[in-house]
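Single-structure report; data block below.
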Amino acid sequence: MSFQQGLSGLNVSSRALDIISNNVANTNTAGFKNGSAVFADVYAASLSGTVSDKQVGAGGTLSAVRQTFAQGNLTTTNNPLDLAINGNGFFIIARDNGPSAYTRNGQFDLDKDGFVVTSTGERLMGYQSIPDAGSRLPNEIGGLKQLQIPNVSSAPVATSKVTVAGNLDAEALSPKEAYPLLAAFPGALDWRDARTYNYSTSIQGFDSLGKSHEMTFYFVKQPEATALNTWDVFASFDGAKPDTTPLLTLKFTTSGRLDTASPASVTWNVDPARTPDAAQISSVLDLTGMTQTGGTFLINDIKQDGRRAGELASLSVDQAGLIVGSYTNGQTYNLGRVALATFRNANGLNSLGNNLWEATSKSGPAFENGPGEGLNGVISSSTIEESNVELTQELVQMIIQQRNYQANAQSIKTQDAILQTLVNLR
């Protein structure tokens, strides 16, 4: 029996060396989890099933190859679709020839159709639709889908509101008081003369086609003899002469604040002849942030809500797995969300190669959630998880298994020598 025992020892040492060699070979494989051998002894059972107190073992065997799903080191990259899981979980991968597979290797790219794929072409799974008003998504809200970055532009939006906030100088004279010989703003010929108004400010607005237009607002103080602390506001579109009637009249209290009894916002319906190829611009001018105090004229906030069309410029992924698209018009949209899966027994997964595992009855079913939900870890973008193989430890284990192999070979050699002695007896 010694030959059988020694041979089993050679087999298990050889298998252990295979596992160690596989670990060493995958030192640079992203997301790889190192394996270790689990050995068991072997005993021959009697026909009666009884156990003898003089029973001798029949050697050893490899009972399992256990993978260590410990976190590997994280390394940054320049690819925003390189994703690492910081904590528990697996990426879910769709396969053409079988059920979903799972991986810790987050080296992803976009294929020609915009799908997020692995280096071998399998597609990443996730939630393609997010209940967010700012999303632009190709599919309806539902379960897991193959993540695809939609090839759509950010649509233009016409300006519907302009907000201006700042201060008007309470010490300023009205143009009529400062220059009584000039025609009142906007004069027929000299309305561009800066002496006919006190201040002006401009902002770029957009029509329904996304074309830009200059919106200019003029502030003209009324003479104190006519009305105290009162300013007329005129509006010009693309440099055209403003209407002779003020768009809005602002009245301030003695404390420099707007008089709440008078409106501080108005709807400005731009002459449709100014945008003949687009829809008429109807924009609310909001001046509730204006004050009138002694000091210089200043505009501390001016904004509008329109924008031109934009194309997808870049992608990013946040910790919650949201894939965010940034467009050339400054807009951002949620384009999808990466999903992760966890298992009760990760060691029950079956290795498929190419950094993929599949679920088995031993692993149990996959529990699918977003990153940061349940037992799932979070996502680190522009990062890959390195192999968790400790090369120094593997080399030490290689030396140990080499000695075990030599010792088992020596036991066979010794048994052979004993047998030869028996054969030579006369």
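Working from Cα pairs under 8 Å separated by at least six residues, relative contact order for the range 161-304 is 35 percent.
Run lengths n ≥ 4 of DSSP H only: what is the helix-derived mean residue ellipticity at 222 nm for the chain, with -39500 (n - 2.57) per run over all residues, to the nearest 500?
Working: 3 runs with 61 residues, N = 426.
Computed mean residue ellipticity for the chain: -5000 deg cm²/dmol.
For the range 73-83, backbone phi angles converted through the Karplus equation (6.51, -1.76, 1.60; θ = phi - 60°) give residue-by-residue couplings of 5, 9, 10, 7, 9, 9, 9, x, 9, 7, 10 Hz, Gly and Pro being listed as x. For the range 161-304, a simple Cβ point-charge model (Lys and Arg +1, Asp and Glu -1, everything else neutral) yields a dipole of about 100 debye relative to the Cα centre.
Close amide H contacts of Trp268 (hydrogens built in the peptide plane, cut-off under 5 Å, sequence separation of 5 or more or a different chain): Ser283, Val284, Leu285. Using a Gaussian network model of the chain in which every pair of alpha carbons under 10 angstrom is joined by a spring, one finds that among Arg344, Arg308, Arg104 the greatest mean-square fluctuation is at Arg344.
If you wrap a convex hull around the C-alpha atoms of the range 271-351 and split its volume per residue, what is the figure in Å³? Please report the intermediate quantities before stating the final value.
Working: hull volume 21.3 nm³, N = 81.
Convex hull of Cα atoms, per residue: 262 Å³.
Below 8 Å between Cα atoms, with a sequence gap of 6+, how large is the relative contact order for the range 235-356 in percent?
Working: 126 pairs, mean separation 15.8, N = 122.
Averaging sequence separation for qualifying contacts and normalising by length gives 13 percent for the range 235-356.
Amide H contacts under 5 Å for Phe115: Ile149, restricted to partners 5 or more places along the chain or on a different chain, H placed in the peptide plane at 1.01 Å from N.
Temperature 20 °C, viscosity 1.002 mPa s: under these conditions the Stokes-Einstein estimate for the range 161-304, based on its Kirkwood radius over C-alpha pairs, is 136 µm² per second.
Please name which of Phe32, Phe91, Val317 has its Cα lying farthest along the dipole of the chain towards the positive end, using unit charges on Cβ (Lys, Arg +1; Asp, Glu -1) and the Cα centre as origin. Selected residue: Phe32. Sorting the segments 382-391, 312-321, 395-404 by their mean number of nearby beta carbons within 10 angstrom, highest to lowest, gives 382-391, 312-321, 395-404.
Computed over every Cα-Cα pair of the range 235-369 and binned at 5 Å starting from 0, the pair-distance distribution P(r) comes out as 2, 7, 9, 10, 10, 9, 8, 8, 7, 6, 4, 4, 6, 5, 4, 2, 0 percent. Taking amide H atoms as placed 1.01 Å from N in the peptide plane, the amide H of Ala170 lies under 5 Å from those of Thr293, Gly294, Gly295, each 5 or more residues away in sequence or on another chain. Here the 3J(HN,Hα) profile of the range 171-188, calculated from phi with Karplus coefficients 6.51, -1.76 and 1.60 at θ = phi - 60°, is 8, 5, 8, 6, x, 5, 7, 6, 9, x, 7, 7, 5, 5, 5, x, x, 5 Hz, Gly and Pro shown as x. Note on the chain: Rg/Rh from Cα positions, Kirkwood definition for Rh, rounded to two decimals, is 1.34. I need to check one value: relative contact order of the chain, counting alpha carbon pairs closer than 8 Å and at least 6 residues apart, in percent. That works out to 24 percent. The GNM of the chain, with springs linking C-alpha atoms under 10 angstrom apart, assigns the highest mean-square fluctuation among Leu349, Leu322, Leu173 to Leu173. In the structure shown, do any of Lys161/Lys221; Lys33/Lys112; Lys211/Lys303; Lys145/Lys362 have a Cα-Cα gap over 22 Å, and if so which? Pairs exceeding 22 Å: Lys161/Lys221; Lys33/Lys112; Lys145/Lys362. Relative to the Cα centre, the charge distribution of the chain, modelled as +1 at Lys and Arg Cβ and -1 at Asp and Glu Cβ, gives a dipole magnitude of about 1360 debye.
Distance from the Cα centroid of the range 61-105 to that of the range 178-219 is 62 Å (rounded to whole angstrom). The Cβ shell under 15 Å around Asn376 holds other residues with a net charge of -1, Lys and Arg each +1, Asp and Glu each -1.
Read-outs: derived from the displayed coordinates by stated rules, not from any lab. As the structure is a computational prediction, the values presented were derived from the model and not from experiment. Neighbour counts run over all protein chains shown; Cβ positions are idealised from the backbone, glycine included.
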